[in-house]
Structure formats: structure tokens, C-alpha cells
Amino acid sequence: MMMTYDPLVLDLVQWVAREPRTYAEVLDAWKTSCPRLTVWEDAIDQGLLTRKNIGSRGTIVVLTGLGRSVLNAMDVYQPARSQLEAIPVEPAAAD
């Protein structure tokens, strides 16, 4: 049986796949108190995302194997950038 996913859930999964996201960042951007809009909860319940404790740095949200497979099947998966690539760097101003 083919599983279908809500487009907003897939947006969240793609967003997490783009670069490392902290748990706080994900909840700030995606958690809602609206009982009809359960994007974060649905992604967790459907096994697309999970939380991972990384010690002193706190908790991050990562794709599960299923989440990665779903994005691969959609041909939209792009691995997360490295930490250095995720930090925007402004060129030094010339004097």
C-alpha cells in the first residue's frame, strides 16, 4: 500500500533535510496550537523525523531512514550541508 503525506509535512521534512536544525528551532517554526494543523506531530508520528540528543549542544531534529527514502522517491532529497556551509559568511569590507 502506498502511503500519502500531507504537503506541509513534506515541506517540514525537506526543510530539516536542508541543514541541521535544533529542536527549539523546529518547534519555533513549525509547532502550532491549532488542532487541525499538526505538521510537527504528524512528521514524528509517521516516522519521517526524530529527535537526537547531541550532548552539551542539546537536541537536534533529523530525518529518519523513512524520511530520507520518501524524499529520495520524490527526487528532492539534498543531504544536509556541513556546519561550516550552513553559516553564512560576509566578505570582509575593503578599506
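Laboratory data are not the source of any read-out in this text; all were calculated from the coordinates shown. Note that the structure is a prediction, hence the values are computed from the model and not measured. When we count neighbours, we look across all protein chains shown, and the Cβ atoms used for this are built from the backbone with ideal geometry, even at glycine.
For this structure, a couple of remarks:
- Of Arg18, Arg68, the sequence from fewest to most neighbouring Cβ atoms within 10 angstrom is Arg18, Arg68.
- Amide H to amide H, with H built 1.01 Å from N, Thr64 comes under 5 Å of Leu49, Thr50, counting only residues 5 or more places away or on other chains.
- In range of the label at Met74: residues from segment 10-25 whose backbone nitrogen is under 18 Å from the point 7 Å along Cα→Cβ: 10-21
- When each of the peptides 8-17, 46-55, 31-40 is scored by the mean number of other C-beta atoms lying within 10 Å of its residues, the order from highest to lowest reads 8-17, 46-55, 31-40.
- Histogrammed with a bin width of 10 Å, the alpha carbon distances of segment 9-75 distribute as 21, 55, 22, 1 percent, first bin at zero.
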